Structures are given as structure tokens and as C-alpha cells.
Amino acid sequence: MTHRLSRFILSAATLSTLLLCHVTVNAAQQAQLSAINYRLMMSRPVSHLFEVTIEAALAEGETAEHLDFQMPKWSPGRYAIFDFAKNVQEVQAASGICPPDAKCKMAVAPITRLDNQTWRVQLQGSRSVTLKYKVFGDDLSGTFSQLDDRHANYNGASIFMYIVGHKQDPVKLRIEPPKNWRIVNGRTESADQREWQFANYDILIDTPTEIAPDWTVDEFKVDGKTYRAVVHSLGNEGGKRPQLVRDLEKIVRAETRMWGAPEFETYTFLIHFAADDRSGDGMEHLTSTQIIEPGALSEEEAYTGALSTAAHEFFHVWNVKRLRPVELGPWDFTRPLNTRVMWIAEGLTTYYGNLMLRRAGLWTDAQLMNYLGRLIGGIENAPGSRLMSAEEASIAAAFLDGEGHEQRTNLANTAISYYPKGATLGLVLDLLIRRETRGRASLDDVLRRMYEEFYLKSPKATYYLRGRGYTSEDFERAASAVAGTDLSEFFRRYVRGVEVPPYDEALAGVGLRLTRAPSARLPYTAGISLNETSMKLVNVRNGSAAEDAGLKQGDVLLSIGDKKVTGETWLEVLNRHKPNRPIPITVRRDRRTINATITLGGPDQYDYRVEEKPDASPETRALRAAWLKG
Ligand SMILES: [Zn+2]
């Protein structure tokens, strides 16, 4: 998935073996099935109700009293628990299977709701069963699904149940679209295709699909592979589509130059420009990506946003989808993900996604340096950086990955996101390896070596996909081997620990330096984060002046220094005051006005910049050129 920089304000091996065993044991208890067929209909788009039918038939000689159908609690690539079952309605079951277009009289099969994600259907002696339900979807995102009068766009995990113990079985899908709506996904082979065969449920839900009358498709080829840019524009394109396709090709060329040719024949960028939709999103899949960009293709911000998301998601073709943490496929959708390596899966992808914009020629050196300065600043200014390690952030993925919290939390003070944290570690690790090996090796080599060892050369460890997953220890070993030096101290202090990574040493290796100056925006410290629309305090920093003043989350800021403030003026008014002098401040809480006194502290927010070192040696300049070029 993609996280935007602006949103960053704020023993695994044994465990995974247990998870896999859990899945296998379940499967062994189940009767064999000879067929699992899904049908997806959308007869009334304005209702936002997808209609799903699942037919299952017992294999010859098998018997079973019941089959359990289960809705995933979450979806690969997004780790918050969303409980997709909440949008399921009108679940019905019948004994037998009725062929398409036939009229059948089928007996009702009794259903028991076992828990909040599972429906048990009694077979009552029948050798097959048909389950039908509707599922509501009106969110255009990489995680949810949307059906409305414009289109259908789904992420399979949010609409398709699996049969417990049969996630590994091959499945068939037939889609019946509204008249004149065309279907496209990363496994589409012909224009009018309506049926797909998938190796297992995990691949079925790895295939997000767009169904609409008016999407466009442009193709290009790189190394003999076909790339499709499918665009569904809900706003003005301003003639920018050809340029978008050319720039996507540059990204593909830069990333395949690093990794080598991918193993697929066709890859599909499914891109939505959706002016009125919520914040953008991107989601990685084996042969496609979903990109949802707020705004119109004609708008510069939406255009560059789509490319930056594409660079990130395409990098996931290797890092996460194929070279994957051992916990990431097959999945257990009954409990939250537990992995220590989201900082590798998402953080290194964040680092490379941006580096690739430079390598593709879409960013200048200055743009990359500017990004790296803001990236480091975002992490080093966050109080959670000194409390939560990259590994702990990974384990906390279910809390941090976009889940809403009904209760107030202190996460803004205690947590960091594994996206930017992992990206800073990627930068430092990459530059240290380049420095240590005098440019003979890099983090690129670590990832390539891992891809080869765990994906290409390892025997298939599960039903899900080729190769096997890696652990935190595997990555550490590979990094040390490529660096030619023992990196265990690095991992102890900066990955499992919360020490400030050696930015200066790493950047100096490529003739760069990091500078730090008190924040121009917040020269003195109040410790307040404000929602500038509602004027509510979204966070009060622990140990800050605002906390000393007795302010708390949810207070509505009214005035500073007896001057009424708005979202536009509060910072300017605040910054007129000097530290160490009491300033009257008023907030509204529980329908009362509260007068408090705040005394600003010295700077604790800094602007970080990555700059060229004036005295950089020719050798470090050469290392920098190699790093930027790839
Ligand atoms: Zn991602």
C-alpha cells in the first residue's frame, strides 16, 4: 500500500510456523471438493449491493455434514482489521447447484452464524450447495469495493467469502456485468472475457477488477512484457494520458533495470482519477495495482501523485508480492497479521519508490534531496521515534494502518509508521553498504539476492505461491553477507532499538550531509497538533508546554494571548510570542470556556535538509552518481 508523506505527522519465525500449521490442520479435516465456483452480479448498481453466489461440490466418495463460509477480517496489503462481514446481508443457502439459465427447485439449506465472520451451511445429505449473499460497497479504495451507477470496482477480500479449509483449492469466477459495462483486471486475456480460473482463493482476491462502460486502456512493452495502463477518469484529462503512459514506462524501465525482467507476461496499472473521492490509495498485487488519485488527470498534483504511487506499487511486484515475509501468504484472515518486517516490506518500498522517480528521470537530484530531508525530519521530529522501533511498528501494523480509533489514543506520541521509518533505514543501510564496499555492492544487491534465494530458488513451501517467505533474521543475514561485514549491531541499535540512525556517516559516503535548524513553522514549542478546520486539538505532546497548561485532546482552541484565532491565524499568532513567558490561552471543553496559561518551550521541531557537501571527494561523488543512476 502507499502512504503519503503528509500523513506521517504523526520470535516471528516460530509464530509463522504455527500460523501455517493452523491452516494445514484445518484443511486436513475437510472433505475434498471437486469445484468452487463464484458468480458476481450487479443487477442494481445504484443500491451499491454486489450479489455473490458461491457453488461448492463434494468430490466423489467424500462426505460432509456442513461447509463453513467465512468473510476475511482484513485484506493483504492493508493490515487494520476491517471485518468485511459487517457489510454482508441476505445470506441464503440451497442444497444442490442449478446450472446457469436453468430453472431449479432447490431445498433451503439451514445456515447457522458461528461467529461474526462465519456462516455454517448444513448439507443435509446433498453433495453440493449454493450460497448467496449481497455485500454493500461504496468506497473506492485499494481495500474496499464500490458499486454505483458509474462503475464497479472491487477488492476481492471485501466481497468474496472463502470456504474454511479450502482456501488452497482452485476456484472459478464468472462476472455478469450490467449491459455495455466492460471488465478488466490484471488477469484479463481478451476484451470480452467474463470467466476466470484462479489457482486458489488468495489469487482470486489478489485480482482487483474494474467494470465500467468508459475506461480506457493504453499498452506499452518493456523486455517483451506487456504493460496496460487502464484509466478510469471521473474528471477532465486535459490531454495528459499519453504523457502518463510514457512516464509509467520510464518507471517500469527503471525498476526492471534493478530487478531484471519480471516473471509475468502482462501487468496492469488500474488507475482512477476521482475528483470527489476520499484520500488517494494504492494497492499492490501480483500482476496489477490499483491506484486511486484524488483529483483530475489534468491537475498537476493528481498527475504527479499517480506516478509516485505507481513507482511504489510497481516495486511491490518484487518486494512484498514475491519476495515476501513468511507471514504474508498464505494468510490467516481470522486474526491480525503478526510480522516484524513491515519496515522492509513497506519501508524499503517507500525508499525505493522515490529513488526510482529519480532513476526514471522524473525527479531531479534536488527533488530527491528535498524528499529525503523531509523524510528524515518527519521521523526525527516524531516523539514516537524514541519509543517505538521499526520492528515494533511492524508488529503494531494492525493499529497503525489506517484503522479508525473510536477511543482516544496516545499513538501520536508513542508510535511511528513503518513506512517512513523503514524508508530512513533503507537509505542509511543502502549508503552504508555502498560506502563499506566502495561501491561494489548496495541494498539493491541485498534485495536481488533475497529475491533469488527465497522466491526463485527455494522450493515451494505452501500452496500459495512459488518459493518461501523470509524472516527478519534471513534479511539480516543477507544484508551482512552483501555488505561483507557483520551488521548485527546495526539491527540491534536501529531496527530493534530506537537510536538515531547514523545519517551523517551514511550521507557522507556519497558526498552529502544532513543539516538541522529550528523549524521555521514552529520555532518555539507548544506541543499542540491542531485540526485547523474544527480547531480541535488532535494531540498534546507528552511533557510539553501544552500538557503543563492542562490542555488535552479534543479541546477547541479559541484564543492565544487574548487574540481570537482561526485555522489560518493560530500559528502566526502563536509565533509572535517568545519562550519562557506566560501567555493566556483559552479553549472550549464540555461547553465551558477554560482560561489557561501556556509558557512556550525552546525549539523541539527542526527542519532537516540533505545537501551536497562542499568538500565532497571525487570518490564519494562517483558513489553518489552510481546510487542515483542505479
Ligand atoms: Zn506499499
Most positive-pole-ward Cα, Ala461, Thr471, Ile528, against dipole of the stretch 424-538 from beta carbon charges: Ala461
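Please give the charge dipole size of the chain, origin at the Cα centre, charges +1 on K and R Cβ atoms and -1 on D and E Cβ atoms. Round to the nearest 20 debye. Walk me through the numbers on the way to the answer.
Numbers: 77 positive and 79 negative charges, 140 e Å.
Magnitude of the dipole: close to 680 debye.
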Under 5 Å, built H, 5+ apart or other chain: amide partners of Phe264: none
Residue-averaged [θ]222 nm for the chain, counting only DSSP H segments that reach four residues, each worth -39500 (n - 2.57): -8000 deg cm²/dmol
Difference of contour (0.36 nm per residue) and Cα-Cα distance, Ala261 to Gln32: 78.7 nm
Under 14 Å from Lys460, Cα to Cα: aspartates and glutamates that are on another chain or at least 8 residues apart: Glu452
Spacing of the two label points (7 Å from each Cα toward its C-beta) at Arg581 and Val556, in nm: 3.0 nm
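Here is the link list: Lys421/Lys613; Lys73/Lys105; Lys73/Lys132; Lys134/Lys172; Lys105/Lys132; Lys103/Lys132. Which ones come out longer than 22 Å on Cα distance? Write down the numbers at each step before the final one.
Working: Lys421/Lys613 24 Å; Lys73/Lys105 34 Å; Lys73/Lys132 19 Å; Lys134/Lys172 19 Å; Lys105/Lys132 15 Å; Lys103/Lys132 16 Å.
From the list (Lys421/Lys613; Lys73/Lys105; Lys73/Lys132; Lys134/Lys172; Lys105/Lys132; Lys103/Lys132), the Cα-Cα distance tops 22 Å for Lys421/Lys613; Lys73/Lys105.
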13 Å Cα-Cα reach of Lys321 towards aspartates and glutamates, excluding residues that sit fewer than 8 places from it in its own chain: Asp202, Asp206, Glu263, Glu284, Glu313, Glu346
At R0 = 45 Å, FRET efficiency that the Cβ-Cβ distance of Thr597 and Thr364 yields, to 0.05: 0.40
29 Å Cα-Cα reach of Lys578 towards lysines, excluding residues that sit fewer than 8 places from it in its own chain: Lys536, Lys552, Lys563, Lys564
Kirkwood hydrodynamic radius of the stretch 430-475, Cα pairs, Å: 11.7 Å
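Using r as the Cβ-Cβ distance of Thr566 and Ser298, and R0 as 41 Å, what FRET efficiency do you calculate, to the nearest 0.05? Show your work: numbers first, answer last.
Details: r = 32 Å, r/R0 = 0.77.
Efficiency, rounded to the nearest 0.05: 0.80.
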Cα lying deepest toward the dipole's positive end in the stretch 289-329, options Leu323, Ile292, Thr304, charges on Cβ: Leu323
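Determine how many Å³ per residue the convex hull of the Cα atoms of the chain encloses. Show your work: numbers first, answer last.
Working: hull volume 107.9 nm³, N = 630.
Spelled out: Cα convex hull of the chain, divided by residues, is 171 Å³.
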Span from the the stretch 356-374 Cα centroid across to the the stretch 114-159 one, whole angstrom: 42 Å
Neighbour-count ranking [beta-carbon atoms within 10 angstrom, fewest first] of His66, His166, His312: His66, His166, His312
Residues Asp192 and Ala102, FRET efficiency given R0 of 22 Å [Cβ-Cβ distance, rounded to 0.05]: 0.40
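Going by C-beta contacts inside 10 Å, put Ser308, Ser279 in order with the fewest on the left. Don't skip to the answer; put the middle values down first.
On the way: Ser308 25, Ser279 12.
Ascending Cβ contact count within 10 Å gives the list Ser279, Ser308.
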Amide H contacts under 5 Å for Thr207, placed H, 5+ residues apart: Gly156
Dipole of the chain, positive direction: furthest Cα of Ala191, Gly235, Leu487, with charges on the beta-carbon: Leu487
Cα centroid of the stretch 270-343 to Cα centroid of the stretch 468-504, whole Å: 26 Å
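A short reminder: the numbers here are calculations on the coordinates, not readings from a lab. The structure displayed is predicted, hence computed values, not measured ones. Using ideal geometry, Cβ is built from the backbone for each residue, glycine included, and neighbour counts are taken over all protein chains shown.
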